[in-house]
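To keep things clear, I will list the structure first and then write my remarks on it.
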Amino acid sequence: MVDLQTVSILIASASVVVGIIYYSSQIRNQTRARQTDLIIRVYSLMINREWLDAWDKTSTSTSDMIDWNTYRKKHGSSDFNVVYLTFELFGILSEKKLVKIDFFERIGHDHVVFMWEKMKPMLEDARKTLGLQQLGVGTEYLYNEMKKREQKLQQSKV
């Protein structure tokens with residue numbers, strides 16, 4: 001026969017298990033909410049007039065992206081920095097696994113690939129000229145990851 005003490009131990013144990021399950025689901029939901037908030041904030045960087053104007057100016061000046069000083073003298077650096085620093089942030093967030101790279105694939109694959117291929121020589125020159133070896137590493141990481149994914153996708157189609 002089951003005594004009262006055994007029943008109370010079972011009930012206490014069951015309530016601890018239920019509490020852990022509930023707490024775990026709350027943490028999971030909170031994590032999703034934070035990730036969603038981060039994605040919305042990140043995406044909002046690219047859907048405002050300032051960024052879109054900077055993109056237009058920067059993307060039309062890519063033929064001048066040969067060396068840092070020449071580009072800066074001709075175009076200034078503020079529009080370039082708005083675009084470049086956005087991609088740099090995206091690269092850092094994806095490298096740190098704070099946002100999945102799929103997100104950046106969907107919102108900016110062509111933008112990142114196009115811009116990195118254009119600005120790479122200029123950023124490499126700026127790394128030498130300014131002595132800033134970490135300049136552009138986030139954007140370069142994002143570009144490399146996107147190209148890897150692109151190659152895997154093409155190989156899977158073959």
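Annotations for the structure displayed:
- ³J(HN,Hα), Karplus 6.51/-1.76/1.60, whole Hz, each residue of segment 92-103, x for Gly, Pro: 5, 4, 6, 5, 7, 6, 7, 9, 5, 5, 3, 4
- 23 Å Cα-Cα reach of Lys97 towards lysines, excluding residues that sit fewer than 8 places from it in its own chain: Lys147, Lys148, Lys152
- J(HN,Hα) series, segment 77-90, from Karplus relation 6.51 cos²θ - 1.76 cosθ + 1.60, nearest Hz, glycine and proline x: 10, 5, 5, 4, 5, 4, 6, 4, 5, 5, 5, 4, 4, 4
- Estimated from helical segments only, the mean residue ellipticity of the chain at 222 nm is -28500 deg cm²/dmol, where each DSSP H run of four or more residues counts as -39500 (n - 2.57).
- Hz values of 3J(HN,Hα) by residue in segment 51-61 - Karplus curve (6.51, -1.76, 1.60), Gly and Pro given as x: 5, 5, 5, 4, 4, 4, 5, 6, 5, 8, 10
We did not get these values from a lab; they are worked out from the coordinates using the rules stated. On a predicted model such as this, the values are computed, not experimentally measured, just so you know.
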